[in-house]
Structures are given as C-alpha cells and as structure tokens.
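See below for the structure under consideration.
The values are calculated or read from the model by the stated rules, or taken from the named source; none is laboratory data. All values reported here derive from a predicted model rather than from experimental measurement. Glycine also receives a Cβ, built like all others from the backbone with ideal geometry; neighbour counts cover every protein chain displayed. These area figures cover heavy atoms from the full protein model, side chains too; ligands, DNA and RNA do not enter into them. Shrake-Rupley method; radii C 1.70, N 1.55, O 1.52, S 1.80 Å.
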Amino acid sequence: MPTVFIKTFGCQMNERDSEAVAAQLVAKGYVLAPSELVADVVLVNTCSVRDLAEQKALAKMANIVGVARKNGRAPLLGFMGCMAQSRGRQLVETLPDVDLVLGTQKFHRAAGYIDDLLAGRRDQVVDTDEEPGSQSAIREHLLAGNSGKAVTAFVSIMQGCNQHCTFCIVPSTRGAERSRTLDDIVSECRELVGRGVREVTLLGQIVTSFGKREIPVKDGKSAFVQLVEAVHAIDGLERVRFTAPHPKGYGDDLVEAYGRLPKLVECAHLPVQSGSDRMLKLMHRGYSRERYLGIIEKLRRVQPGMGLTTDIIVGFPGETEADFEDTLSLAREVGFDQAFVFKYSQRKDTPAAAMPDQLPEELIEERHARLFEMINRIAAAKYEALVGRTVEILVEGPSRKNAGRFQGRTRSNKLVLFSGSERHRGRLMDLRIERTGSFTLYGDPAVVGMDDATESAVTTEPGLA
Ligand code: 5AD
C-alpha cells in the first residue's frame, strides 16, 4: 500500500485535522511513513494566521519538490488547511508539482481524492468549497501516541469564528461558526476513554461560542458549560481541557465550573491581544482591559493556583508607546505562566490591513523583544516557585525530547519530566519538583515506591497569585 507523510504547521486544531486525515488514510490501508523523503504521498497542513507561517509552508513544499526531483522521485503532493483555503488554485499555479489543494471544510475527503489521484482517475484536485456539516466529519482518531498508546486526545467541537477581530484571517479561512452536536461529541469522548484516553482537550477556534445558536441556556449555564459538564460525567476520564476560548465567553457560569468540576483542570488560555483599551477597540475584541482583569480576578478567587496563558500581538496599526506600555503593565499585573507574543502581520482582506499608521518592522521587533523578555522573566519565576512543591501529573509516556525520561503535565498544563517507566503511562502521580528548565519541570515521585498510594493522594498546585 502507498505510504503517506503529513507535515503540520500551526495550532492544535491543525494537529487534530492532520491526525483525522492520517486516521482516515490508515483505515483505507495506507501506511504512515517516517519522513517525507520516502513517502508516496506528502501532505502539508498549513497555517495562515501570520505571513511567516505561510512562507514556512511554501518553503517546505518547494524544498520537498526539489529533493524529490534530485532523488528521481515524484510523490503525490498536497496542501491542506488554512493556506490551501485562502490561496486555493493559486498554489498549483505557482507550484505546478502540487496535485492536491484541500480546504478547511474538506479534510474528510482527503482519502477519496488521494485514491483518485494515485489511480489516475484525476490529474489534479483543488477543492476549497463550503460544505455544510463538515464540522461533524472530524471524528476519526489514530491514538498511536509517542511509542505506545495515547493518554491524551484532542476533540474538535466546533469550527469557524464569527468574532471578526480586525487583524484575523480565521473567519475567512475557517468560515462561520458551526458546532457539532453535544451527543456526538460526548460519544466520541466516551469512545476515546474506552481506548485508554484519560484526558481530552475540547478544540475549536472559539470554543466558548459552542452551540450558542442551537442549545438554549439552561439554569444559567451556556451551551459550552453544559458540554463541559456532560464530558466531565464520563467515567474513566480524569481531566478535561479546552482551547481556544474568547474572554467574553468567561461568564460566571464558566468561572464557577472550575470550582465545581474536579476534572476541569485549573488552566485557562485567555488571549488578551493588548492591554490598551484603545487597541482592544480597534481590534474589535469585545472587552476592555478592566473586564479582562476582572475575569482573571474571579478565576483566581475560585482557583488560586490557576495556570494562565495568553496570546499578545505587538505592533498593531496605530499602537503608540503608551498603548504598548499598557500591554506591559497588564502582563506584569496578571503574571502569566506563559504567553505567546506575536508581531503584528498584515493579513489579506482584514480590516486592520487597511488601517492607517502601520508600524515599521524595527519598532515591532523592538517591542516584541521587550515584552518577550518580561513574559519569560515572570514565567521563569512562576516555574521556579514550584521547586520543592508536590504537583499532580498525568503521565503521557516517554519524553519527546529527553530520551530515557517520561513526561506528564500538571493540571495547569506545565510539562514535567521524571524517570518513569511504561507502567506509569496513563496514571495520575504526585511528584515533588526538584528543579526547572526552560518551561519544563523536573520531578521525583513524592512517595517513592508507593505508586498506588499516590494515585489517591491528589493535590493541586498551591496558589501562586
Ligand atoms: N498578526 C499577528 N498575530 C496574529 N494572531 C492572529 N492574527 C494575527 C496577525 N494578523 C495571533 C493572535 C491569536 C493567535 C492565534 O495568533 O494573538 O490569538
């Protein structure tokens, strides 16, 4: 059977889409190849959120074409995902070796198209059309994990975004918000737990908008909170996460859920984008600095050890030094456990691309470096403060980067390495943190040789606020 290799750029949603395509191909008998050098089919799953991401994917494909030619090979080549959606036919015009361009509503059609192309029934496929119901088609899983069975899994719950932030290309690459049904998501999660999964991460471009139009608010609980509750009730599941929410989706019902649902881990990725009210308005974010800080305060009141991460854009059009200092002060005030700092990138057909006062590259670079330094300093102190403390981790399997060690994550999503073995996989363990590395903790079992006892001795991270 033909072999296939998928290279993925971008977010967790893209990783999940790639996994679903891989599962589909494996089910048809395709074999996963260890690298693009030997595969019969090479797919590049793309990201469009910043220009750099697009350039990386284009360079990767050009390189794959060059190396294949040199080696006298002609694999079937495809682009899929966000850049495939936004550039469409233009991709096969600039890179004629590409056979397949698959948009964001077409992942479930990948295997059919690849079969057709390999069999010579078609010469080339470019399909970026809308397809009603496609959000429900991303449900197959491979679950191979890192040399063994997967303990954690991503579950796609909705697609698209209606927020229309002025900098963001996602509404055009992923389309309008479409949710799967609650029952379908819960049955997928149940199935995953049956296959050994202990933690699920509910995924979507704006998960807090899940089911907004279809599922009425019940007892003050939004459709999203109702979904979290339903997943939480699955026996054998240990942890529930989700990403990415919108801060405006953090109503009291969701804040309160953190106090009430023990499997809902103390962790929130709350993209703030800027600390300046003027910028937030121009970005069309739908909240003020004060409202954002209010949400953080409420979350910390319910869960003092809440792990908080964020996304920030520097150099949005018209950002003054004073606006930027508002972002610095917000970052200082919140004290994020980790933050992704992005240099503003002009995206095609977005309102911000046409705004006056686009900032020069050097200024964006300089602000990025200042904020990046501050974020890392604060985050390092947060990690350092855990040394000597006991944390609960869910053991995922062997470490990806550090051979010989096992890895797990704390409830607040911090990576922990320890000398474990296969028998620890999928278990909740208490570890004492011995030292820190860059966004990594190194731990030792808190009660040596008493693995069974540690399973019930569950503690959460102490308050760090
Ligand atoms: N420029 C820079 N960063 C962007 N993001 C989205 N669009 C842009 C853009 N045009 C960032 C936001 C978002 C994250 C996924 O990517 O911070 O939260």
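The table below gives the values:
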quantity: Scan of the range 154-191 for residues that are assigned to a strand (DSSP E or B) and either open to solvent by 10 Å² or more (accessible area, probe 1.4 Å) or basic (Lys, Arg) (or both), ordered by number; calculated: Phe154, Arg178, Ser179
quantity: Matching residues in the range 192-205 - criterion: being under 20 Å from Glu15 (Cα atoms) and either in contact with a strand residue (DSSP E or B) (Cβ under 6 Å, 6 or more places away or on another chain) or open to solvent by 40 Å² or more (accessible area, probe 1.4 Å) (or both); calculated: Leu192, Arg195, Val197, Arg198, Glu199, Val200, Thr201, Leu202, Leu203, Gly204
quantity: Set Thr350, Thr327, Thr320: member being open to solvent by 50 Å² or more (accessible area, probe 1.4 Å) and among the β-branched types (Val, Ile, Thr); calculated: Thr320
quantity: Residue in the range 131-140 that is open to solvent by 50 Å² or more (accessible area, probe 1.4 Å), within 16 Å of the ligand (Cβ to nearest atom) and farther than 17 Å from Lys28 by Cβ present; calculated: no
quantity: In the range 243-291, residue farthest from the ligand (Cβ to nearest atom) [restricted to those that are part of a helix (DSSP H, G or I) and among the small types (Gly, Ala, Ser)]; calculated: Gly259
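Listed here are the residues, each with its yes/no results for (1) at pLDDT 95 or above; (2) open to solvent by 10 Å² or more (accessible area, probe 1.4 Å); (3) closer than 30 Å to Val151 by Cβ.
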{"residue": "Gly220", "(1), (2), (3)": "yes, yes, no"}
{"residue": "Glu229", "(1), (2), (3)": "yes, yes, yes"}
{"residue": "Arg260", "(1), (2), (3)": "yes, yes, yes"}
{"residue": "Tyr287", "(1), (2), (3)": "yes, yes, no"}
{"residue": "Val302", "(1), (2), (3)": "yes, yes, yes"}
{"residue": "Ala331", "(1), (2), (3)": "yes, no, no"}
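Residues checked against (1) more than 18 Å from Leu308 (Cα to Cα); (2) under 20 Å from the mean Cα position of the chain (by Cα):
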site: Gln226; (1), (2): yes, no
site: Glu229; (1), (2): yes, no
site: Ile234; (1), (2): yes, no
site: Arg239; (1), (2): no, yes
site: Tyr250; (1), (2): no, yes
site: Gly259; (1), (2): no, no
site: Leu264; (1), (2): no, yes
site: Leu270; (1), (2): no, yes
